[in-house]
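One structure below.
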Amino acid sequence: MAHWPRISLITPSFQQAPFLEACMSSVHDQQYPALEHVVVDGGSTDGSNTIIERYAGRLSWWCSEQDQGQSDAINKGLQHCTGTIFGWINSDDLLLPGSLETVGKAFA
């Protein structure tokens, strides 16, 4: 496809280190060419920061600070998104292969 629409995907997370790596891998393994991934961690103390830092070079923005819960984290992430398509994936969920390509084609 000549022009892929930018997809902004937010991952809100808090104390989800056992699941976070698999979630982030499922997002970045998509290899969607116009992905903007934002991670908003609520100040976890379980090693989540170490995982997020490994992906920092592939993230558009991330933070780890206390928030008011999932909705607040998503709204905080939205402030840093520039895509034409917005969504979120919780840190204990996974994207199936080809998911972002299917969404991109549907919106194109």
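Using 1/(1 + (r/R0)^6) with R0 = 35 angstrom and r between the beta carbons of residue 22 and residue 2, what's the FRET efficiency to the nearest 0.05?
FRET efficiency, residue 22 to residue 2: 0.60.
Between residue 31 and residue 80, what is the spin-label point distance in nm, taking each point 7 Å from the Cα along the Cα→C-beta axis?
2.7 nm
Hey, any idea what % of the chain's accessible area is carbon plus sulfur with a 1.4 Å probe?
The C+S portion of the solvent-accessible surface of the chain is 50 percent.
Which label belongs to the value computed from this structure, given these candidates for P(r) over Cα pairs in 10 Å bins from 0, in percent: [x] 16, 51, 28, 5, 0; [y] 12, 32, 31, 18, 6, 0; [z] 14, 51, 33, 1?
So the structure-derived entry is [x].
Per residue of the range 9-14, in order, report the coupling 6.51 cos²θ - 1.76 cosθ + 1.60 (Karplus, θ = phi - 60°) as ³J(HN,Hα) in whole Hz, putting x for Gly and Pro.
Per-residue couplings from phi come out as 10, 10, 10, x, 8, 7 Hz.
To the nearest 10 degrees, how steeply does helix 17-28 sit against the main Cα axis of the chain, on a 0 to 90 scale?
20 degrees
In deg cm²/dmol and to the nearest 500, what is the mean residue ellipticity at 222 nm of the chain if only DSSP H runs of at least 4 residues count, each as -39500 (n - 2.57), divided by the residue total?
On the way: 4 runs with 38 residues, N = 108.
Helix-only estimate at 222 nm: -10000 deg cm²/dmol.
For residue 53 and residue 105 in the same chain, what is the full-extension length gain: residue separation times 0.36 nm, less their Cα-Cα distance, in nm?
Value of the extension gain: 15.7 nm.
Roughly how many nanometres apart are two label points built 7 Å out from the Cα toward the Cβ at residue 61 and residue 94?
Label-label distance for residue 61 and residue 94, simple model: 3.0 nm.
May I ask for the distance between the Cα centers of the range 58-102 and the range 21-49, given as a whole number of Å?
For the range 58-102 versus the range 21-49, the Cα centre distance is 8 Å.
The values are calculated or read from the model by the stated rules, or taken from the named source; none is laboratory data. Worth saying up front: this structure is predicted, and the values here are computed from it rather than measured. A quick note on method: Cβ atoms are made from the backbone with ideal geometry, for glycine too, and the neighbour counts reach across all protein chains shown. Side chains included, ligands, DNA and RNA excluded: accessible areas come from the protein's heavy atoms. Shrake-Rupley method; radii C 1.70, N 1.55, O 1.52, S 1.80 Å.
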